1. Out of all the residues in segment 350-368, which are of a type in the set (A, V, I, L, M), open to solvent by 10 Å² or more (accessible area, probe 1.4 Å) and either farther than 19 Å from Met431 by Cα or in contact (Cβ under 8 Å) with a residue 40 or more places away in the chain (or both)?
2. Kindly establish whether Ile521 is buried (at least 23 other Cβ atoms within 10 Å of the Cβ) and at pLDDT below 95.
3. Counting only residues that are under 24 Å from Gln631 (Cα atoms) and among the aliphatic types (A, V, I, L, M), how many does segment 430-485 have?
4. Under 7 Å between Cβ atoms, which residue pairs at least 6 apart in sequence (or on different chains) link something in segment 234-258 that is under 14 Å from Ser153 (Cβ atoms) with a partner that is part of a helix (DSSP H, G or I) and charged (D, E, K, R)?
5. Anything in segment 1-43 that is acidic (Asp, Glu) and modelled with pLDDT of 90 or more? List them, or say none.
6. I'm trying to understand the selection: among the residues of segment 402-420, which are over 25 Å from the mean Cα position of the chain (by Cα) and surrounded by fewer than 21 Cβ atoms within 10 Å (Cβ to Cβ)?
7. Check Ser46 against each of (1) at pLDDT below 90; (2) closer than 11 Å to Pro95 by Cα and name the one condition it does not meet.
Amino acid sequence: MQSEQVEIYQFLSTIAPFSLLSAASLEEVVGSVEIGYFKAGTQILSLGDAINDLCCVRSGAVEVFRKNGELYNRLSQGGVFGYQGLLVNRHVRYPVCALEDTLIYYISGAVFREMLDREEEFADFFAVEDSTRLLQVVSRQEKSSPLMTSKVSSLIGREPVTLLSSASVQQAAQLMCEEQVSSLLVLEPVTDDVDDDQLVPDLEAGPHYIRGILTDRDLRERIIAQGLSYETAIDEVMSQSVVTINSDDFVFEAMMTMLRSHVYHLPVLKKGRPLGVINLADIVRHESQSSLFIVSNILHQTTLEGLVALRDEVNSSFVRLVNEDANSQMIGTAMAIIGRTFKQRLIELAIEALGEPPIEFCFLALGSMARDEQLIVTDQDNALILDNSYDPQQHGSYFEQLAEYVCHGLAACGYALCTGGIMATNPVWRMTQAEWEVRFCDWIDNPTPRSLLDSSIFFDLDGVYGRTEWADQLNSLVARRAKRSQRFLASMARNALLRTPPLGFFRTFVLEQDGEHKNSINLKRRGTAPLVDLIRVHALAIGSSSRNSFERLDDIVEANILPPGRGEDIKGALEFIALVRIRHQKLDLEKEIPPDNNIEPENLSNFERRNLKDAFQIVSDAQKYLTFRYQPNRAN
């Protein structure tokens, strides 16, 4: 190899995608290289011209344009261009101009195509579009997880065992022993006031509906432990609020349903007809039981010390989900449900210590916990809705003590106190139902910098204890009112642009310049948060009642307010950035160092760096569209 080729080899071996090639393939590529030099302002590729070579920037910088003349990309040293035309019709699709004096390596198109056939990782790099490449990465991630590919129907081992509600508990126990099951569905003959979708057809005795479910736990706790007669009718002790799941839902969704509802048996329905019942043991087979067990452990703790002792189990559950290739939605939902359960149990312990509350209330979760997007590094955001009969003189002390117990208990369990004071311990965030409604309406009708910040926090809310329907009513109020205020939407859109992706002029990473995390990127503040903010604005504009960002995106796409394909691009970007953040936190936990949201680019693989740049570019494009769409006095 000549000295000039040695220099080319050394350079290409350090940059993607050439660093993905075997040594022999890279030598072949180097052997085909020719060199070109262009002064600043010179056209390198013109639209429609024939193209025979792949181009790589050795030094200098270039600008890549779309057909309409709009700037598409800027590339500096190591940037690759021209592959779109080579892959499609061997004509230039994106014109390129030298921004600075630039040296280009030309790599033979024939050798390039041979490498695509021979080297799989090299080929993966050259998807037609950056967003397409990112979506392919996310899709492969989801397909690798059995929780996201296995349907609930695959867990069903037999048809459900059923019994009429008039039967005795002894008859039920005998039937469960004979059939070797841990639960049975309780049926009731149809009456006129039963909806058609509740019917269980094709029974010999005529149509019935599911009245309840009886489990072995019900028999222990409600019959034997209470000393009831074995002749007691099962409709007196069964669980009447039956939580079900559809047969075409994923195993992940079954696990989340069990976590949310604190149940361990789920009837599986197909077009309203029960196909079977799955239980905790079925989910255990899919190696995801830790989250379920933690929720159960939290609910069984009788002291704050017992709850604090579960912190390591929560971390282990997080690591386990990441190692199982769970996606960010699965992990965020599991962690949020665990966080809610801590909060619920702390409220119960506080009530045991303080006595029954003097008036009704609703304890709120805000932010990532409300959106089901919580990770292992999080603080707490919460508030209290109080009954309209609230009297500060009579009731203030009780709810102050309740808030102190819960918030400081959460801090002891690993949920840091909010430095901004967005907690129920702050009397500002303990209001009556009527006061909350007035406050929310004022934020929407009269936006200010402070109220916009509050809106971005409080408009992601969920009731976790007490009169949770009050939280639903507030969510409905926001959904109805916000979409009618163009001024508020425009203000929220401007506010959503305050956090920008860390991408520089040449698609290089912009790093923190000082402080504890110098030379790093905060993936929450500069990645997921800008996406969550802009998704929230679109969701408010269409009156979406969803809280989770992915579910909001589904509503937004259905409302057809984004350019074609933009919704899937945003979803892919959010998923990838979140996964990099999640894996970073998992590695910190495994190294037994405090996890955070900051990453150093040099610690990322070429694969992660490349796809993060693609994701950040999608964030930037989505923010530009937000500016265009939401302007004062503009009909959206």
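The values are calculated or read from the model by the stated rules, or taken from the named source; none is laboratory data. A quick note: this is a predicted structure, and the numbers were derived from the prediction, not measured. Please note: Cβ atoms are built from the backbone with ideal geometry, for glycine as well, and neighbour counts cover all protein chains shown. With ligands, DNA and RNA removed, areas are computed over all heavy atoms of the protein, side chains included. Shrake-Rupley method; radii C 1.70, N 1.55, O 1.52, S 1.80 Å.
1. Hits for segment 350-368 are Ile351, Ala353, Leu354.
2. So Ile521 passes the test.
3. Final tally of qualifying residues: 8.
4. Partner pairs satisfying both residue conditions: Ile245/Glu253.
5. The answer is Glu7, Glu27, Glu28, Glu34.
6. Answer for segment 402-420, where residues must be over 25 Å from the mean Cα position of the chain (by Cα) and surrounded by fewer than 21 Cβ atoms within 10 Å (Cβ to Cβ): Glu404, Tyr405, His408, Gly409, Ala412.
7. Status for Ser46: all satisfied but (1).
Yes/no matrix, rows are residues, columns are (1) open to solvent by 30 Å² or more (accessible area, probe 1.4 Å); (2) assigned to a strand (DSSP E or B); (3) touching an Asp or Glu at 6+ places or on another chain (Cβ under 7 Å):
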position: Glu4; (1), (2), (3): yes, no, no
position: Ala24; (1), (2), (3): yes, no, no
position: Glu28; (1), (2), (3): yes, no, no
position: Ile35; (1), (2), (3): yes, yes, no
position: Gly48; (1), (2), (3): yes, no, no
position: Cys55; (1), (2), (3): no, yes, no
position: Val64; (1), (2), (3): no, yes, no
